[in-house]
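Just so it is clear, none of the values below were taken in a lab; they were calculated from the coordinates. No experiment lies behind these values; they were computed from the predicted model shown. As a convention, Cβ positions derive from the backbone with ideal geometry for all residues, glycine included, and neighbour counts pool all protein chains shown.
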Amino acid sequence: MAQVIINRLKKTFPPPTKDGDPVVAIGDISLEVEGNVFVSIVGPSGCGKSTLLNILSGVETPTSGTVSVTEGGRAAHLGYVFQDARLLPWRTVMDNMLYVRDDGDAGETKATRYLDMVGLSHTHDMFPGQLSGGMQQRVGIARAFSVEPDLLLMDEPFSHLDAITARSLRDHLQELWSATRKTVLFVTHDVVEAVQLSDRIIVLAPGGRIFDDISIDLPHPRRATDPKVATLQAEILGRFEEMHPAPATA
Amino acid sequence: MTAAPVALPEAPAPQGGLRRWLSSPIGAQVTAAVVFIGAWQLLTVIAPRVPGPADVANFLFVEITGGSHGGIVRGQFFEHFAVTLQRFLLGLFFGFVSGLLVGILIGSSTLARALLNDTVLVLLTMPAFVWAFLTTMWFGITWQAPVLTVAFSAFPFVAINVAQGVRAIAPELRNMSTAFEVGRWKQFRHLTVPAVAGYIFAGLRFAIIIGWNGILLSEWFSGQAGVGFRTRYWFDANRYRGFVGWVIVFIVFIVLVDRVLLNRLQARAFRWRDQKEVDFIEIQEEQVGL
Ligand SMILES: Nc1ncnc2c1ncn2[C@@H]1O[C@H](COP(=O)(O)OP(=O)(O)OP(=O)(O)O)[C@@H](O)[C@H]1O
Ligand SMILES: [Mg+2]
């Protein structure tokens, strides 16, 4: 169970054209997440969700402000599921799983277990190009879980998938999460998905600011068809709509 | 009264045998070789000073086996060939490894690119004979001259290609590796090298061809042994069949290396991308009996 502290974080990218303005990806975000919680980050496209995860994972550096991701005083161990699978096309599924681990045979046992969990144990020796997009995404999910991270970052992991595959993977994810109970930051722009999965929903507004911070107190695992879940979904969708009349002040 | 049989929509089986063989990869190669030898023979009729295929074959037989000694005394062939091969491999090794390292540097750091890119481009435009002359001036008639000629002529081709490949690596995969804290060496082995493999092969292929030309030149000018030296030896002795014979050895070697060794390595490296292609090459190799 990791501790994430984000303090007055800002991130701007250089202007895309010569005399344009710099792009503000994250305006000003302060946030704390601690313990075995499943936190969703919701918001319209371009409001800095991926950028936030990239900063947390050390892929991007903040323009100003600080982030710290720790686990009992040391730097936390991360897993990351990207919007696309991001597998090495020239390595087999198993070698892709082992690529992110440092232990030889022990790693293979673990990797096998997590591949099993996403129903892909038969693909060990296949190359990513031989798998469907959904299968590749599942390998990406198994890979992130297999490093047994303190903090799991997930960036719209199901957005490229068809509704049926996405639904079954959501159920999988809930199972995996109940079994392992790590801290999860889950980016999505699907409010319905967020309500089904999370204990807490952070709503971002365009310009990279926190618009709302909602707690959800329902037991896990939740079924998408559960009336309580459905009611909450409707209510939060309503709140979400309030955001749009407000002009984007990016 | 024999009605012409209605052509069935079948494969054109009857005339198939010869034709199919001719259009198969091996058939085409054999045909090309036969045509080439025929044209060569014809050339000797027009220009009598040109040694014919039979002459040259005879020469090579003697050069390889020692000829009239009936194979008891070995010819000069293997000695000279081995000397050249050693120098070539050594030079290629230095040229390739340094090209790889410099290429990765140029491809991954803007500073290295600013410092080294132009130098490598200048080297790229240097013809091999310049290196052959320069190294002979520096080292005299020694083994270093041909080795360095190969290394210098191979180096820029590898470096330029590799640099291009490194710059083409998908940043998403790099970011993935960073996020999962994959070590540098592991990234180099499993991300950089395979991503750049195609460019490495292109560079290696050029390096081999350019380097092999370079060594012939270098040995021609400064050798006391080797393929280039032996070619010149026969040339100076006015024995043109010796000259042509060695030129053929030179060409056959490079073609074999390119066709067999490089294609094989390439097929292995790109197993992930196209399984069918590998199968095809393997079948071809089985047919040739390699
Ligand atoms: N590497 C980059 N260089 C320049 N601009 C960038 C870069 N990465 C992101 N941006 C800009 O920052 C803003 C936020 O991008 P980000 O990818 O974080 O959005 P997002 O919330 O993840 O959107 P989506 O839901 O579409 O994935 C966008 O305007 C984008 O153009
Ligand atoms: Mg995104």
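From other protein chains only, count the Cβ atoms within 10 Å of every residue's Cβ in B:177-188, then give the mean.
Working: counts 5, 6, 14, 13, 8, 4, 1, 0, 0, 5, 1, 0.
So the per-residue partner count for this stretch is 5.
Using amide H atoms built 1.01 Å from N in the peptide plane, name the residues 5+ places from A:V187, or on other chains, whose amide H lies under 5 Å from its own.
Correct list: A:I41, A:M154, A:D155, A:E156.
Which far-off residues, 5 or more places away or on another chain, put their amide H under 5 Å from the one on A:V203, with H placed in the peptide plane?
A:V42, A:F211, A:D212, A:D213, A:I214
To check you understand DSSP bridge types, tell me what percent of the beta bridges within chain A (both residues inside) are antiparallel, rounded to 5.
On the way: 22 of 41 bridges.
About 55 percent, rounded to the nearest 5.
Identify, among B:L92, A:V118, B:F77, the residue whose Cα sits farthest towards the positive end of the charge dipole of the protein assembly as shown, taking +1 on the Cβ of Lys and Arg and -1 on the Cβ of Asp and Glu, with the dipole about the Cα centre.
Sorting the options by dipole projection puts first B:F77.
Take the eigenvalues of the Cα gyration tensor for region A:9-158, scale each by 5, and report the square roots as semi-axes in whole Å, largest first. All intermediate terms of the calculation are to be shown ahead of the outcome.
Details: eigenvalues 195, 75, 35 Å².
So the three semi-axes of region A:9-158 are 31, 19, 13 Å.
Mind ranking B:98-105, A:155-162 by how tightly packed they are, going by the mean number of other C-beta atoms within 10 angstrom, highest first?
Values: B:98-105: 20.9, A:155-162: 18.4.
Going by the mean number of other Cβ atoms within 10 Å, highest first, we get B:98-105, A:155-162.
For chain B, with the dipole built from +1 on Lys and Arg beta-carbon atoms and -1 on Asp and Glu ones, taken about the Cα centre, which of B:I215, B:T31, B:L115 lies farthest toward the positive end?
After comparing all options, I get B:L115.
Rounded to the nearest 10 degrees, what's the angle between the helix A:133-146 long axis and the longest principal axis of chain A, both from Cα atoms, 0 to 90?
Taking the Cα atoms of chain A, the angle to A:133-146 is about 90 degrees.
B:A32 to B:D258: extension gain in nm, 0.36 nm per residue of separation minus the Cα-Cα distance? Walk me through the numbers on the way to the answer.
Details: separation 226, 0.36 × 226 = 81.36 nm, distance 1.77 nm.
Result: 79.6 nm gained on full extension.
Treating only the Cβ atoms of Lys and Arg (+1) and Asp and Glu (-1) as charged, compute the dipole magnitude of chain B about its Cα centre; round to the nearest 20 debye.
Details: 22 positive and 16 negative charges, 65 e Å.
Charge dipole, chain B, about its Cα centre: 320 debye, nearest 20.
So what J values fall out for region A:190-197 if you push phi through Karplus, 6.51 cos²θ - 1.76 cosθ + 1.60 with θ = phi - 60°, rounded to Hz, Gly and Pro as x?
In residue order, the calculated couplings are 9, 4, 4, 4, 4, 5, 5, 9 Hz.
Which whole-angstrom value gives the distance between the alpha carbon centres of region B:78-155 and region A:38-109?
The two parts, judged by their Cα centres, are 42 Å apart.
Quick check: from the Cα gyration tensor, does the protein assembly as shown come out rounded (a/c under 1.5), prolate or oblate? Numbers along the way, then the final one.
Values: a/c = 3.11, a/b = 2.06, b/c = 1.51.
Cα axes put the protein assembly as shown in the prolate bin.
Which whole-percent values make up P(r) of region B:81-272 when all C-alpha to C-alpha distances are grouped in 10 Å steps starting at zero?
10, 31, 31, 18, 8, 2, 0
Which whole-number percentage describes the relative contact order of chain A, with Cα contacts under 8 Å and a sequence gap of 6 or more? Write down the numbers at each step before the final one.
Numbers: 474 pairs, mean separation 65.6, N = 250.
Answer for chain A is 26 percent.
222 nm [θ] for chain A, helices only, -39500 (n - 2.57) per DSSP H run of 4+, per residue, to 500?
Numbers: 7 runs with 84 residues, N = 250.
Helix contribution divided over all residues of chain A: -10500 deg cm²/dmol.
Compute for chain A: radius of gyration divided by Kirkwood radius, i.e. Rg/Rh, restricted to C-alpha atoms, rounded to two decimals. Please list the in-between numbers first.
Values: Rg = 18.4 Å, Rh = 18.9 Å.
Rg/Rh: 0.97.
Return the sequence-ordered ³J(HN,Hα) values of region B:98-115 in whole Hz as given by the Karplus equation 6.51 cos²θ - 1.76 cosθ + 1.60 applied to θ = phi - 60°, using x for Gly and Pro.
Here the 3J(HN,Hα) series is 5, x, 4, 5, 5, x, 5, 4, 4, x, 10, 10, 5, 5, 4, 5, 4, 6 Hz.
At q = 0.10, 0.14, 0.16, 0.18 Å⁻¹, what log₁₀ I(q)/I(0) does a Debye calculation on the Cα points of region A:88-192 give, no solvent, two decimals?
These q points yield log10 I(q)/I(0) values of -0.26, -0.52, -0.69, -0.88.
Calculate how many DSSP beta bridges within the protein assembly as shown are antiparallel, expressed in % of all such bridges and rounded to the nearest 5.
Restricted to the protein assembly as shown, the bridges split so that about 55 percent are antiparallel.
Can you order the peptides A:215-227, B:238-250, A:75-87 by their average number of other Cβ atoms within 10 Å per residue, highest first?
Details: A:215-227: 12.3, B:238-250: 18.9, A:75-87: 21.5.
My ranking of the peptides, most packed first, is A:75-87, B:238-250, A:215-227.
Can you tell me the relative contact order of region A:126-193? Whole percent, Cα pairs under 8 Å, sequence separation 6 or more. Working shown, then result.
Details: 39 pairs, mean separation 27.2, N = 68.
Taking the mean separation of contacting Cα pairs over the length of region A:126-193, I get 40 percent.
So how do B:W131, A:W90 line up by other beta-carbon neighbours within 10 Å, fewest first? Mind dumping the intermediate values first?
Values: B:W131 24, A:W90 21.
Ascending number of Cβ neighbours within 10 Å: A:W90, B:W131.
So if we plug the beta-carbon distance of B:L22 and B:R49 into 1/(1 + (r/R0)^6) with R0 = 35 Å, what FRET efficiency do we get, rounded to 0.05? Mind showing how you got there, number by number?
Working: r = 34 Å, r/R0 = 0.98.
The pair B:L22/B:R49 has a calculated efficiency of 0.55.
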